[in-house]
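The block underneath contains the structure these notes are about, expressed in structure tokens.
Every number here is computed from the coordinates shown, using simple stated rules; none is lab data. In this text the structure is predicted, and so the values were computed from the model without any measurement. Cβ placement follows ideal geometry from the backbone for every residue including glycine, while neighbour counts extend to all protein chains displayed.
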Amino acid sequence: MMFISSFHSSSKLNNNSCLQLWKPITAPHIRTSIKIVCTLNESYHTNQPPLAGKIKRLVLTQEGRTKLNIYPDREFYSYPRFVTHVDDGFIATLTNLYRERLRPEMEILDLMSSWVSHLPSDVKYKKVVGHGLNAQELSKNPRLDFFVVKDLNQDQEFQFESCSFDAVICTVSVQYLQQPEKVFEEVFRLLKPGGVFIVSFSNRMFYEKAISAWREGTAYSRVQLVVQYFQSVEGFTEPEVVRKLPNAQENMSPIGWIMRLFGLLSGLDPFYAVIAYRNFKPIHDA
């Protein structure tokens, strides 16, 4: 396990240097002569579409970004919490989703991670990089090759090269982002063309640390909020929503109520995931 708190700024490549061959995800067996060019720094006239990877509009109001606990997040997360914040049913659903969407050869960034990543234990990925606010938690995570400690509410930019990762995952943490548009913009920069961003969440939260727009929302509005985060950045594909809700009849029965009281009933946490891919601009060779 290697811990990295910062990178030298010179290691960050110019966005225009990201040039690579790309094979479509849906047909990896087909050979193609398509070249993918990152367009993050291209200049357009004012009457042209927004730049790929740039914020098109803000989703949250200033009020929607506020938290009840206004002290720095680093203070709140200064001591480790070696617990899981969702139940076994949620974790099993998430792990199965990762098994379906992530391939062993991928390089993955686990955003806002902790001591567990919920990745399939029997799958070895090429590289898994962790990010979070507590070094003790991250150092206990057996899936991480190395990790970075950073407060995304203070600084949304990583010192990784553009197009560094095949996938970015964020588990039950999106509700704490006060600058989600900037974070999603940075995730777009870090993803390789065709790379996937999986954001999963439930109805649990540290209430005093969740943003107002999340605290005061409903299950539906929270899903739509994450969808809008993706849509606020030019270049993501249309977000896909995955839902798995608990059995309401089972939970409302007397036996279900008693089991829930003693923490014996699994599958109580609703599962939501919003998934989108970094779109790519194909330029065919003549």
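Worth a mention:
- Using 0.36 nm per residue and subtracting the Cα-Cα separation, the extra length available between Q154 and N203 on full extension is 15.1 nm.
- Near S232, once Lys and Arg are set to +1 and Asp and Glu to -1 for all other residues with Cβ below 11 Å from its Cβ, the sum equals +1.
- Peptides 121-130, 167-176 ordered by average Cβ neighbours within 10 Å, highest first: 167-176, 121-130
- Extension gain, R99-E63: 0.36 nm per intervening residue step, less the Cα-Cα distance, totals 9.2 nm.
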